[in-house]
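Heads up, the thing below is written out as structure tokens.
The values are calculated or read from the model by the stated rules, or taken from the named source; none is laboratory data. As the structure is a computational prediction, the values presented were derived from the model and not from experiment. Positions of Cβ are generated from backbone atoms using ideal geometry, with glycine treated the same way; all protein chains shown enter the neighbour counts.
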Amino acid sequence: MVPYNATKVYQTALDQLVLLFEPYAEAVVVADANNTVLYVNPAFTALTGYQCSEVTGKRHTDLLIVRVNYHVNTDRWEARINTKTNGQLWVRVSETRLGEEWDGKIIYTLVENHGLEQLKGLLKESETRFSSLADASPVMIWMTDPDNLCFYLNKAWLEFTGKPLEEQVGVGWLKLVHDEDLNKFNDLNDLLQERRQYSLEYRLLRKDGVYRHIMEIGTPRYLPDGTYAGYMGSCLDITDLKKAQHELANYTAELKRSNEELEQFAYVASHDLQEPLRMISSYIQLIKKNLETGRPPQETFEFMNFVTDAVARMQMLISDLLQFSRLNRKGLPFAPVDLNAVANAAIINLTQRISENNAKITLDNLPTVTGERSQLTRLFQNLIDNAIKFRSPDRIPEVHISVKEDENRYVFCVSDNGIGIEDKHYHRIFVIFQRLHARSEYEGTGIGLAICRKIVELHGGEIWVDSCYGKGSCFYFTLKK
């Protein structure tokens, strides 16, 4: 038995069709089951000017550009076809699908139809009207062919990108999409296969070299006979909208913080400030009574000392409150700040405190950041002062300032060998006037770390603590590069 040769059978079938259609007076296109052109007869060459070798391997949609169908019957339709001399003509198309014995080949018979000249003019008028409307639109509009390759971009798109249409058709426009957003288009494959509407946000390069945020909406489009024709879509620059939304979110967060601070201030007014006032009032009454009854002067002097201490404590509370509240106001414009100079200035301001405690302060080489110098000085000063204040009675205070670099920020650490903090108190220490120790143990009003938190937040960073109780703490904070 002679072995079966599929290629030979396939070629024989095509050769038979060539012999059949070679003398035909009507133009014929033979395509495979995937609509790839295998052969065109001499009549097709006479009609279009294209030789068989010039169109073989192309898809039939590359030849029959626009399909029009007045009937539901999809095997007879009309199409516009381009000639080799850049002309255009209309043809009637008859489509015949052969059986499996012919490997599913498709025969297209083309007959020139001069009666479609009026339709051609109407279509041209429709295309002109669409282009005029699309070009007058401030929204960027585009269209793709059935293979989802872009073939039309309106005036708004071309003006936005500053690139000619020739550079952007097909997939050329993808070169203008931000590299980090290209994978978003891969995620659209399922929707495109199902020919469903979609929306997508990505960054597109504007002609001035700036990437802008784009919101794109794509909708599948169909010809009158229901044939899928590709996608049509619109793109809107939403960069300003996103910026406004971001600012609104910041304002909302700031309002929330302000409300929280107002609640804290109310707490201070009703508790911390009331306590020294009550003490002052009580001792003034005792002094008045002593003066009226002629009690020994020594007792009166003791009461006066208590009053003086209470007044000093109240003055400190009010002073710290003013410092905290001023951080909410718009300060000096941000500028480059050398943090080495800032840290050294903070150390000089704490010279007496450092000397009294024999403290050792060391620091890494610190970077230059954009910020407000006086606020950053207060940040370092408060953290160093806090580390010395909560020293361990068993060892000399040691404070070290280090920094690590992330992709978009610096992470600083002010570490100490002090008494440490229990983890259950981590959330409290950055709240205004939240003290962990009695005044008799450690001085202060409990506002220093709240000021640090506020300064860091105003610089777009965050602050937190990691501590080992009894061994020391490390206060971390971040600043933008």
Open item on the list: As an exercise: evaluate LEU262 against (1) modelled with pLDDT of 90 or more; (2) not in a loop (DSSP other than H, G, I, E, B) and give the number of the one condition it does not meet.
Closed with: (1)
- [ ] Would you mind stating whether LEU116 is at pLDDT below 80, of a type outside the set (Val, Ile, Thr), more than 30 Å from LEU14 (Cβ to Cβ) and surrounded by 14 or more Cβ atoms within 10 Å (Cβ to Cβ)?
- [x] yes
Task: Filter pass, LEU366 being hydrophobic (A, V, I, L, M, F, W, C), at pLDDT 75 or above, closer than 18 Å to GLU457 by Cα and assigned by TED's automatic domain parsing to the domain that holds ILE463 - done: no
Open item on the list: Quick check on this structure: which one of LEU339, LEU321, LEU327 is modelled with pLDDT of 80 or more and more than 26 Å from LYS289 (Cβ to Cβ)?
Closed with: LEU339
Open item on the list: Could you tell me how many of the residues in the range 139-188 are in a strand (DSSP E or B), over 20 Å from ASP237 (Cβ atoms) and not small (Gly, Ala, Ser)?
Closed with: 2
Open item on the list: Among the residues in the range 371-380, are any surrounded by 14 or more Cβ atoms within 10 Å (Cβ to Cβ), part of a helix (DSSP H, G or I) and in contact with a strand residue (DSSP E or B) (Cβ under 7 Å, 6 or more places away or on another chain)?
Closed with: yes
- [ ] Looking only at the range 156-176, count how many residues are in contact with a helix residue (DSSP H, G or I) (Cβ under 9 Å, 6 or more places away or on another chain) and within 20 Å of ARG221 (Cβ to Cβ).
- [x] 5
